1. In degrees between 0 and 90, to the nearest 10, how far off the longest principal axis of the chain does helix 155-164 point, with axes built from Cα atoms?
2. So for the chain, averaging the separation of alpha carbon pairs under 8 Å that are six or more residues apart and normalising by length, what relative contact order in percent results?
3. State whether the range 24-131 is rounded, prolate or oblate according to the following rule on the C-alpha gyration tensor (a ≥ b ≥ c being the square roots of its eigenvalues): a/c under 1.5 gives rounded; otherwise a/b larger than b/c gives prolate, and the remaining case gives oblate.
4. Of the candidates GLY27, GLY67, GLY153, which one comes out as most mobile in a Gaussian network treatment of the chain with C-alpha springs shorter than 10 Å?
5. Going Cα to Cα from LYS158, which lysines come in below 22 Å? Please leave out same-chain ones fewer than 8 positions away.
6. How big is D for the range 8-72, in µm² s⁻¹ as a whole number, if Stokes-Einstein is applied with the Kirkwood radius of its Cα pairs at 20 °C and 1.002 mPa s?
7. Tell me, how many Å apart are the Cα centres for the range 101-128 and for the range 1-77?
8. Between ALA160 and SER118, what FRET efficiency comes out of the Förster formula 1/(1 + (r/R0)^6) with R0 = 30 Å and r the beta carbon distance, rounded to 0.05?
Amino acid sequence: MKFHPLTTRSHWPSPLGLVHLSASPEGLSGVFFENQRHLPLLQAWPEETRNPFILAAITLLQAYFDGKGSALDAPLALPLDLQSGTVFQQTVWQALLRIPAGQTQSYGQLAQQIGKPSAVRAVGAAVGHNPISLIVPCHRIVGAAGQLTGYAGGLWRKEALLKLEFALPATIES
């Protein structure tokens with residue numbers, strides 16, 4: 001992934017662990033759990049605690065964790081900078097934004113939605129490389145049978161997020 005050269009970063013202690021946020025002059029460009037897979041080299045970006053995009057994201061995330069799951073639903077008032085991905089990845093990430101809180105989709109359904117029904121693996125890879133976790137809700141993607149699969153931030157976090165949204169597939173609930 002290639003991020004804007006003027007990207008800045010900050011962090012926020014979420015209920016599920018430290019979250020690193022980044023922003024470019026275009027908008028929010030990253031929301032990463034500490035130690036998640038595909039984490040960019042955060043130290044390359046200067047720390048900026050007053051970036052308006054990052055502050056707005058923290059406000060949304062706080063509302064989300066306070067039980068307002070719809071706080072992250074589209075249309076977001078927060079500009080997103082998804083330019084770090086390929087055109088295909090950006091298409092997948094835009095499709096993720098249309099999945100509302102309380103609902104899940106399978107990788108296959110997402111592939112169908114973007115008009116690439118045979119690209120399920122490529123869709124899965126794009127979902128896994130989503131740079132704006134939580135806000136671009138990749139945690140709402142499940143396996144074909146409703147099972148929890150792949151989440152860069154850890155399956156335990158995916159399960160916790162879906163529980164928070166009352167969207168944990170029936171096959172998982174105990």
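None of the figures in this text is laboratory data; all of them are computed from the coordinates on show. Computed from a prediction, not measured in an experiment: that's the story for all the values here. Glycine gets a Cβ as well: all are built from the backbone with ideal geometry, and neighbour counts include every protein chain shown.
1. The answer is roughly 80 degrees.
2. Working: 276 pairs, mean separation 37.8, N = 174.
RCO, the chain: 22 percent.
3. Working: a/c = 1.98, a/b = 1.36, b/c = 1.46.
Oblate.
4. Answer for the Gaussian network model of the chain: GLY67.
5. Qualifying lysines at Cα under 22 Å: LYS68.
6. Details: Rh = 12.1 Å.
Diffusion coefficient, whole number: 177 µm²/s.
7. First find each Cα centre; the distance between them is then 23 Å.
8. Numbers: r = 33 Å, r/R0 = 1.08.
Efficiency computed from Cβ-Cβ geometry: 0.40.
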